[in-house]
Amino acid sequence: MSKDLILLSDLSIETIDSILERGQYWSEDNNFRISNTAKVIDNPLVCNLFFESSTRTRFSFEVAAKKLGYHILNFEPSTSSTQKGETMYDTLKTLESMGVNIAIIRTKEENILHEVAPKLDLGIINAGAGANEHPTQALLDLLTIKQNFGKVTGLKIAIVGDIKYSRVANSNIIAHTKYANEILIAGPDFLLPEKDSPLMTSNVRICSVDEAIEEADVVMMLRVQRERHPRKSDFDWDSTSGQNKYFLKYGLTSERSKKMKKNSIIMHPAPFNRGIEIADEIVEDPKSMIFTQVRNGVAVRMALLERALKK
Ligand code: CP
C-alpha cells in the first residue's frame, strides 16, 4: 500500500471505501476513541507546506494532527530557503532528514508531487495542486454524501460553475465516475471542460443550470477561480452588475433552490462568495452541508494522517 495520497485517480474503490469507513469512525467524535487509539509510531511529526493560501485544508489538517496527538509543524514559504531557489525535493528531503514523517503540500505546480514522492520515505499528501486535483476535498465530500444517503452510488451529482479551473471538480468527477454515478455539469461555456478532456466520460452530461439543480441528489456549487483564468472572464467582475449577471445566470438563487428534489443536498467546497455562486440565505439552509463538509474535513484528514504513517 502506498503511504502517499497524490491523486484520487490513483486510489481503488476499496481504498476509498476504507478511508471513508475510518473517516466515519472519527466523525463520531469522542475522546475515548482518540485516547485509546494506539499510534503506529511514537510522536509522529507532520509538516504543513502551503505554497497557496488556505483556511479549511490547512487548519483541518492541523486540528486532525492535534486530535491524533501528532506534532504539527508549519512551513512558511515566504521565510524559507525556497526563496533562495531550494527545490521541492530538496526541501522535503531536508525535512525528512530531520525526522518529519508526513508532508502535507499545497502547490501551484500540478505534477511535482508525483515526481518527488518515489524518491522520499516520508508520506506525502496532496492538499491541492494547481488546477489539477484536490483529493482530500473529494474524500470529505464523499463522506458527507455517504452520511446523507447511506451510500455513494446510484446518485445524480450536479457540479455547477467554474469546472474547467477547479481541482475540486476534477477530483469529484473522477470519484463519481469510479462509483458510476451520473454527473451533470453546468456553467458558462468557457468554464466547462474541453469536449476531449479525459474527465468527459459517458457518466458526464453537460446541461443547463436549471436542469442540473432540479434533477440532482447533490448540487455542488463552485467558486469562480478568477486567479487561474488565462484571460479576463466574459463577465465584468470589477463591477457589481457583472457579478449579479453571473449569479442570475449560473448561481444557486433562492428560486432555483426551491426547485431542488425533496431529499437533495447542497454542497460547496468553500470559500464561497455569497450572492455570486450561492445566495446569502442558502449558505445555512437546512439543505446546505457546507459546514458539515468542513467538520468532515477534520475526520477524513485524521484517517489520511493515520494512513500516511503505514508503509
Ligand atoms: N476547500 C478548500 O480547499 O478550502 P481552503 O482553500 O480554505 O483550504
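The values are calculated or read from the model by the stated rules, or taken from the named source; none is laboratory data. Just so it is clear, the model here is predicted, and its values are computed rather than measured. Reconstructed Cβ throughout: ideal geometry from the backbone, glycine too, with neighbour counts over all protein chains shown. Please note that ligands, DNA and RNA were not included when accessible areas were found on the heavy atoms of the full protein model with its side chains. Shrake-Rupley method; radii C 1.70, N 1.55, O 1.52, S 1.80 Å.
Restricting attention to region 155-203, which residues are more than 20 Å from residue 12 (Cα to Cα) and open to solvent by 20 Å² or more (accessible area, probe 1.4 Å)?
156, 164, 165, 189, 190, 194, 195, 196, 197
Take the residues in region 57-72 that are within 9 Å of the ligand (Cβ to nearest atom) and crowded, with 22+ Cβ neighbours inside 10 Å, then tell me which one is nearest to residue 135 (Cα to Cα).
Applying the first criterion (within 9 Å of the ligand (Cβ to nearest atom)) to region 57-72 yields 57-60.
Subsequent filtering for residues that are crowded, with 22+ Cβ neighbours inside 10 Å retains 57, 60.
Details: 57: 11, 60: 14 Å.
The selected residue is 57.
Go through region 151-187 and give me each residue that's touching a Ser or Thr at 6+ places or on another chain (Cβ under 8 Å) and not β-branched (Val, Ile, Thr).
179, 180, 181, 186, listed by residue number.
Quick check: is even one residue across region 125-142 over 19 Å from residue 56 (Cα atoms), assigned to a helix (DSSP H, G or I), at pLDDT 95 or above and open to solvent by less than 10 Å² (accessible area, probe 1.4 Å)?
Just the residues of region 125-142 that are over 19 Å from residue 56 (Cα atoms), to begin with: none.
Among the residues of region 125-142, not one is over 19 Å from residue 56 (Cα atoms), assigned to a helix (DSSP H, G or I), at pLDDT 95 or above and open to solvent by less than 10 Å² (accessible area, probe 1.4 Å), which makes the answer no.
Which condition does residue 307 not pass, out of (1) within 30 Å of residue 123 (Cβ to Cβ); (2) within 16 Å of the ligand (Cβ to nearest atom); (3) buried (at least 17 other Cβ atoms within 10 Å of the Cβ); (4) charged (D, E, K, R), if it passes all the others?
Just one mismatch for residue 307, condition (2).
For residue 241, all conditions in the list (1) open to solvent by 20 Å² or more (accessible area, probe 1.4 Å); (2) closer than 18 Å to residue 191 by Cα; (3) at pLDDT below 95 hold save one; what is the number of the exception?
With respect to (1) open to solvent by 20 Å² or more (accessible area, probe 1.4 Å); (2) closer than 18 Å to residue 191 by Cα; (3) at pLDDT below 95, residue 241 is out only on (2).
Does any residue of region 225-238 turn out to be over 16 Å from residue 183 (Cβ atoms), within 16 Å of the ligand (Cβ to nearest atom) and surrounded by 15 or more Cβ atoms within 10 Å (Cβ to Cβ)?
Applying the first criterion (over 16 Å from residue 183 (Cβ atoms)) to region 225-238 yields 225-238.
From what's left, within 16 Å of the ligand (Cβ to nearest atom): 225-228.
Add one more test, that the residue is surrounded by 15 or more Cβ atoms within 10 Å (Cβ to Cβ), and what stays is 225.
Yes, some residue in region 225-238 is over 16 Å from residue 183 (Cβ atoms), within 16 Å of the ligand (Cβ to nearest atom) and surrounded by 15 or more Cβ atoms within 10 Å (Cβ to Cβ).
Take residue 275 and tell me if it is away from the ligand (no atom under 16 Å from the Cβ), farther than 14 Å from residue 188 by Cα and not hydroxyl-bearing (Ser, Thr, Tyr).
Details: away from the ligand (no atom under 16 Å from the Cβ): yes; farther than 14 Å from residue 188 by Cα: yes; not hydroxyl-bearing (Ser, Thr, Tyr): yes.
Yes.
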